[in-house]
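Some notes on the structure that comes next.
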Amino acid sequence: MNVPDLKKAKIRTNKPSLYKDVLKINSDIFKGQKYFLKTYGCQMNVHDSEQIRAILENLGLEETEIMEEARVIVLNTCAIRENAHDKVFGYLGRIKHLKKEHPDIIVALGGCMSQEESVVNEIIKRHPYINIVFGTHNIHELGNLILNNHKDQDIEVYSEEGCVYEGMDYQRDSKITAWVNIMYGCDKFCTYCIVPYTRGKERSRKMEEIIKEVNLLKEEGYQEVTLLGQNVNAYGNDLNLNYNFATLLEEVAKTNIPRIRFVTSHPWNFTSEMIDIISKYDNIMPYIHLPLQSGSNRILKLMGRRYTKEEYLDLVSKLKSKIKDVMITTDIIVGFPNETEQDFQDTLDVVNKVKYDGAYTFIYSPREGTPASKMPDNVTLEEKEKRLQRLNEIINQYSKESNERLIGKVEEVLILGESEKDLNKVYGYTKGMKLVNVEAKKDVIGKTINVLITDAKSFSLDGKEN
Ligand code: SF4
C-alpha cells in the first residue's frame, strides 16, 4: 500500500511548461461490465464527473444507476460543508457491505474530500475496502489506477496542483448545454473556504484552447456553454498574457454560440470592462451569480472577502444600470463566527436593497484546516437556524416577486427536456436563468422558443409556447 504524505507534495513542472496534452487510455478490459458514479457538490464536480465518465467508458465500462450491478464504483466527493462529508461516509456503509459480498468490485474515491489529509487518514484506518483514492489534480490518471489496481489500497493524491491538461474527453450530461472549464483553483483564500486547499492555485487555460472547445461544441449543435471557474473574473491573471476575462468573454461571444453563461463571479474582480462586454453581446446571458456571503463590513473582513458592503452595492447598481433585464442571484452564509444581530441586519439590508432574483443560503459550519475554523464558532445553532429562516423568508419573497414580474411577458426559453413534474410539459431556462415549465410539443427540446409566462411560483414559472 502506498502511504500518503500530503505534506510532501508531488510537485509537477511549473510554468512555462504548465500545459500538457492528456494521455488517453483506451482498453476493452472491462467490456460488458458496468460502472456506478456518484457525484456530490458543485458544478465543478459535475463537470469533473463528465471527465471521469469518459475515462471509465474508454475502459469499456457502461454506466448503471444501480450500484449493486457495478464492477467499478466511483464517488466524486465534495468538502465544502460538513454534511457533504457525512453523506459520503454514510454512503460508504452500503459500499462496505457490497464489497463483502463481491470482493472483485473496484471502489475509487476522488474529488475534494480526498484532498484532505484527515479524510485520507480515516480511509486508511477505517475503510480498507476502498481500492483507489485519487485527488482533484490527477483525475486524468484514474484509468491507469483502475487498470493497475491489484486489490491493495492505492492512494494517489497530489497536495499541489500540476499541469493544465488539454485534450481531455468528456462524456457530457447534456447534448444542449455544456460546461467549459476556463480555469482551475482559487487564490482568494476566503477564511471559511476549503477550495484553495483542495483545488490549488489559480491556473487559467489558454484562450485559444477554450475557443477551440467552444467552436467544437457549437459544431456539435450545443446551444449554450457555461464558462466555469471558482472565480472566473480572475481568469488570465496568472498567465501574464494580454488578455483577461473580458477579452475571453468577447472572443467566446464572437464564436456566435447562441448562449453564454459563466460561474462563479467574485465581486472583487468584477471590472467595468466585463460589464461593458456583457451588455454589448446578445449571446452573453443577462444573468450574474454574485456571492455576497455577508452584508456586514466587519464580517466581510473576517471572511477575507476583499470588498465592503458599499462596494458590493455599487457593483450591483452598475450591473443593473448597464445590463438590460439582468437577473442577479447570490450566496449568503449566516452565523459566521462573531456575527451579531447588527451584522445580520446589515446582510438583510443588502438583500432588501438588491432584491435578489434568487439565492442560496447556508448556515456556517467550520471546515477543518481553514483560518475560520480557528475562530470561536460562537453563534448558537439555534440562533443560526433562526437567522436562516428569517433570511429565507425575505429571499423567497423577492424571488417570488421577481418571477411574478414576468407573468404576461414573452420570454426566450431554451428547452432542455421533459418536465419531471408533468410529462405533458417540457422545461427550460429563460435568458435570466428562470426555470419554466412549458406547454409545448416534445420536438422543441434543444430549441429556443418564445414562451408566454402564465404563472409564477417561488422557484419556477409556467408558460406556453407563443
Ligand atoms: S473565492 Fe473564496 S469562496 Fe470562492 S472558491 Fe475562492 S476561496 Fe472559496
The extension gain from Lys38 to Asp104, computed as 0.36 nm times the residue separation minus the Cα-Cα distance, is 21.9 nm
Among Phe362, Asn297, His47, flag the residue with its Cα farthest along the positive direction of the charge dipole of the chain, charges on Cβ as +1 for Lys/Arg and -1 for Asp/Glu. Asn297
Distance in nm between Ile29 and Glu383 label points, each 7 Å along Cα→Cβ, equals 5.6
For the range 298-412, place one equal point scatterer on every Cα, skip the solvent, and apply the Debye formula. What is log10 of I(q)/I(0) at q = 0.10, 0.11, 0.19, 0.20 Å⁻¹? -0.35, -0.42, -1.06, -1.15
So between Asn83 and Glu160, what do we pick up on full extension, going 0.36 nm a residue minus the alpha carbon distance? 25.2 nm
At q = 0.08, 0.12, 0.13 1/Å the base-10 log of I(q)/I(0) from the Debye formula over the alpha-carbon atoms of the range 170-404 is -0.32, -0.72, -0.83
One finds, for Lys442 and Ile66 with R0 = 25 angstrom and r their Cβ-Cβ distance, a FRET efficiency to the nearest 0.05 of 0.40
Looking at the range 19-156, I'd like the Rg to Rh ratio, where Rg is from alpha-carbon atoms and Rh is Kirkwood's inverse mean 1/r. 0.93
Förster radius 30 Å - calculated FRET efficiency between Asp152 and Glu122, Cβ distance, rounded to 0.05: 0.95
Using the basic label-point model (7 angstrom from Cα toward the beta carbon), what is the Phe189 to Asp282 distance in nanometres? 4.6
Rounded to whole angstroms and listed largest first, the alpha-carbon spread of the chain along its three principal axes comes to 61, 55, 47
Cα-based Debye curve of the range 334-376 sampled at q = 0.14 Å⁻¹ gives log₁₀ I(q)/I(0) of -0.42
Quickly estimate the mean residue ellipticity at 222 nm for the chain, helices only: each DSSP H run with n ≥ 4 gives -39500 (n - 2.57), and the total goes over all residues, rounded to 500. -10000 deg cm²/dmol
Take the Cα gyration tensor of the range 410-465, multiply each eigenvalue by 5, square-root it, and list the three semi-axes largest first, rounded to whole angstrom. 14, 13, 10
Checked the range 309-355 against the a/c 1.5 cut and the a/b vs b/c comparison, axes a ≥ b ≥ c from its Cα gyration tensor; verdict prolate
Given the range 112-239, what whole percent of its Cα pairs are spread farther than 27 Å? 31
Relative exposure of Val88, Val436, judged by other C-beta atoms within 10 Å (fewest first): Val88, Val436
Asn237 versus Trp268, label points 7 Å from Cα toward the beta carbon: distance in nm? 0.7
Please arrange Arg71, Arg205 by counting, for each residue, the other beta carbons lying within 10 Å of its beta carbon, fewest first. Arg71, Arg205
For Asp331, project a label point 7 Å along Cα to C-beta. Then give me every residue of the range 257-275 with its amide nitrogen under 20 Å of that point. 261-271
Taking Lys and Arg as +1 and Asp and Glu as -1, residues besides Asn242 with C-beta under 15 Å from its C-beta add up to -4
Mind checking which of Tyr235, Thr255, Cys193 is farthest towards the positive end of the range 191-277's charge dipole, using Cβ charges of +1 (Lys, Arg) and -1 (Asp, Glu) about the Cα centre? Cys193
At 0.36 nm per residue, minus the direct Cα-Cα distance, what do Lys409 and Phe362 gain on full extension? Give it in nm, one decimal, please. 13.7 nm
So which trypsin sites (Lys or Arg not before Pro) in the range 129-204 end up in coil per DSSP with only 11 or fewer other C-beta atoms within 10 Å? Lys151
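Only the coordinates and a few stated rules stand behind these numbers; no lab work does. This one's a predicted model, so the numbers in the text were calculated from it and none came from an experiment. Reconstructed Cβ throughout: ideal geometry from the backbone, glycine too, with neighbour counts over all protein chains shown.
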